[in-house]
Amino acid sequence: MKTLTPLLAACGLLATTSSLAEWNIDLGNQSRLRISGFGTLGLATSDQAHHALTRDIADQEGISSSSLPLSTDSRLGMQIDAVINPQWSATVQAVLKDRPAQTIEESLQWAFISYRPNANWQLRAGRVGLDMGLVSDQRNIGYGYLWVRPPIEFYGRLPLFHFNGGDVTYSFDIDDISLSIKAFAGEASPFYPSTPNYKIQIAPLWGGNVNLRWQDWHAQLSYVGTQLQSNHPGLQELQSNIQQLPDFLYPDAASLSSRYTLRGSQNHFLSAGLAYEGDPWRAQFEFGRLFHGNGFIADVYTAYATVGYRLGSVTPFIGYSTLWPANGRPEVPSPLPFPDLQAAAERPFAESYSNQETISLGGRWDFYNNLALKLQYDLVHVRNSDGIGLWRTDQDGIPQPKEFSNIFSATLDFVF
Amino acid sequence: MHPLAKFLLLLVTLWSPTGVAQSRIAIIVHPESSFTDISRKQVVDIFMGRLLSLTNNRIPLPLDQQGGSPIRERFYEALTGRPLAQINAYWARLMFSGRATPPRMLPDSLSVLQAVSQNRDAIGYVEEDRVTPSVRVLFYLE
């Protein structure tokens, strides 16, 4: 994040002075190259010293009283669009942010070719954004939304931003209602949360959504499914340790060990969203259900609602987001004979489990063209007492985050 | 006029939200454009990236004005009823999620006039008093 500071400052300055027309390179009649970018300079702190709240489970740093001053919300993105003609275009986007590895491969958000044979159809192939929920492929673009960050309870469990493959969108109008239907498929290999240098293979990944737009309203139903192709090395070691236990010592060995298998398991995410973007009122609501095919991560319900009201160039807002287990917390069925093994067996259950809610109060101030300043206060209530979930901890064992945490955040968001 | 009345009139002029009366904004196309029949809603949809082609596969080429220019602010305010910041945020979401590319931006009204007079597919907007016979006015925004 250190290298990001001067870069972000330079780009923030650029946002105030740049005129977008200069970033367009005309290449004849309808062809052009467009170079643009976006970024967020974020500050955040909390009253928790040993637990850092993460933006999503792939986040490394998180927010705590001892986290870096330049917060986990900070990021810088650059995009090049090559418009060849009204049918064909290509887009490449790279984003620098807090993430498991600072490699070019990890920075590459999108790299795709888009083809529009006519007004109804669009096909994209390459690395494309994962469109699951109203803001999933816009989460890096702070300038695009009201909050300092998308609601953690909803988007925190969805660390995947893109996949390699393609999507097809069919759009049409019925009177003044615009409908679009999208289907996508591909594969992905993101870093596994809290495991350095380990990437999990996801293949296939598939899904789709239906969008309905009418005047200032937007409704969406979406689904995404994933199948995992690899096992986690740490979990595999745990599995073999459990399997070695003789039957008379631990009769549940076979059934417990099978619960840590990731290879072949499927995850499904279903969501419904409704947004009203009028003026001065704005509101957004999403509800989701996450199913996990393994035996240790709890299936959850997620939801959030935000309402904002514009007063001149300032838009205050209030939000609530929540995440709760659908079928309670999965448990190790019976105590293991050795304390070390018991702790190792417990850990995956606790690390992935969360049950919490957040009340947010904030404001966005559009004080200058292409620049917005946001302030936000979050009161996070951890309902459970046996999961680490969306937090990172620097302590051993399975220490609990405090029941209530206060998070203070400020961001400067820009596009250029 | 009585000096006091003059002063009061000046105050009213300064205090009124629009200040001095502004010229209208003309939506312009090429004199031989085939887009002479398009509606105000279609113009909104074209500039918001929602309408990519019209009947008979005619593809409009919207031309926008400079990022923070007063005319651009007035254009979107009049056309969509939204402040410019909301339009910019809308485009940031569309563009950086890789869904659509915003209209090409030109540095000033003169460039828009020139581009529209040279391209049959172009749709632009300029101040009413800048309109020349080289373009055709579709309608005016107050």
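Brief remarks on what is shown
- The phi torsions of the stretch A:135-141, fed into the Karplus equation with coefficients 6.51, -1.76 and 1.60 and a -60° offset, translate into couplings of 10, 4, 9, 10, 5, 7, 9 Hz, rounded to whole numbers, with Gly and Pro shown as x.
- Arranged from fewest to most other beta-carbon atoms within 10 Å of their beta carbon, B:THR101, A:THR315 become B:THR101, A:THR315.
- Couplings for the stretch B:126-142, taken from phi via the Karplus curve 6.51 cos²θ - 1.76 cosθ + 1.60 with θ = phi - 60°, read 9, 5, 3, 6, 9, 4, 10, x, 6, 10, 10, 8, 7, 6, 10, 10, 6 Hz in order; Gly and Pro are left as x.
- Compactness of the stretch B:24-141 - radius of gyration and Dmax, Cα, Å: 13.3, 40
- Mean separation of Cα pairs under 8 Å and 6 or more residues apart, divided by the residue count, gives chain A a relative contact order of 16 percent.
- Ellipticity at 222 nm from helices only: DSSP H runs of n ≥ 4 in chain A, each -39500 (n - 2.57), divided by the residue count, give -3500 deg cm²/dmol.
- Cβ-based exposure ranking for A:PHE408, B:PHE47, A:PHE161, A:PHE172, in which fewest neighbours within 10 Å come first: A:PHE172, A:PHE408, A:PHE161, B:PHE47
- Peptide B:100-107 shows a mean partner chain C-beta count of 5 within 10 Å per residue C-beta.
- Count Lys and Arg as plus one, Asp and Glu as minus one, and take only other residues whose Cβ is under 13 Å from that of A:ALA343; the net charge is then -3.
- What the phi angles of the stretch A:288-297 give under the Karplus curve with 6.51, -1.76 and 1.60, with θ = phi - 60°, is a coupling list of x, 9, 10, 10, 10, x, 8, x, 10, 8 Hz, glycine and proline written as x.
- Among B:ASP45, A:ASP131, the ranking by other beta carbons within 10 Å of each residue's beta carbon, starting with the fewest, stands as B:ASP45, A:ASP131.
- P(r), alpha carbons of the stretch A:292-333 - 5 Å bins starting at zero, rounded %: 6, 18, 17, 12, 11, 9, 8, 7, 7, 4, 1, 0
- Amide H contacts for A:ASN231 (H built 1.01 Å from N in the peptide plane; partners 5 or more residues away or on another chain; cut-off under 5 Å): A:ARG263.
- For the residues of B:78-87, the average number of beta carbons from a partner chain within 10 Å of their own beta carbon is 4.
- Note on the protein assembly as shown: Kirkwood radius taken over Cα pairs, Stokes-Einstein applied at 37 °C and 0.692 mPa s, translational D equal to 128 µm² s⁻¹.
- Förster-model FRET efficiency, 35 Å R0, A:GLN87 and A:ARG289, C-beta, rounded to 0.05: 0.40
- Sum of side-chain charges, A:LEU274 neighbourhood, beta-carbon under 14 Å (Lys, Arg +1; Asp, Glu -1): -1
- Average other protein chain Cβ within 10 Å of Cβ, residues A:169-175: 1
- Sparsely packed loop sites in the stretch A:224-296 (the trypsin sites (Lys or Arg not before Pro) outside DSSP H, G, I, E and B with at most 16 other Cβ atoms within 10 Å) comprise A:ARG263.
- Kirkwood hydrodynamic radius over Cα pairs of the stretch A:145-198, then Stokes diffusion coefficient at 10 °C and 1.306 mPa s, in µm²/s: 108 µm²/s
- Order by protection proxy (mean Cβ within 10 Å, highest first), peptides A:184-192, A:369-377, A:208-216: A:369-377, A:184-192, A:208-216
- Other-chain or far-sequence residues with amide H under 5 Å of B:VAL126's (modelled H): B:ALA26, B:ILE28
- Each Lys and Arg Cβ is given +1 and each Asp and Glu Cβ -1; about its Cα centre, the stretch B:24-141 then shows a dipole of about 360 debye.
- Alpha-carbon gyration tensor eigenvalues x 5, square-rooted, for the stretch A:266-357, Å: 40, 14, 8
- Two-decimal Rg/Rh across the stretch B:79-142, once Rg and the Kirkwood Rh are taken from alpha-carbon atoms: 1.02
- Relative to the dominant Cα principal axis of chain A, helix A:339-352 is inclined by about 20°.
Coordinate-derived values only; no laboratory data. In this text the structure is predicted, and so the values were computed from the model without any measurement. Because the Cβ atoms are built from the backbone with ideal geometry, glycine has one as well, and the counts that use them run over all protein chains shown.
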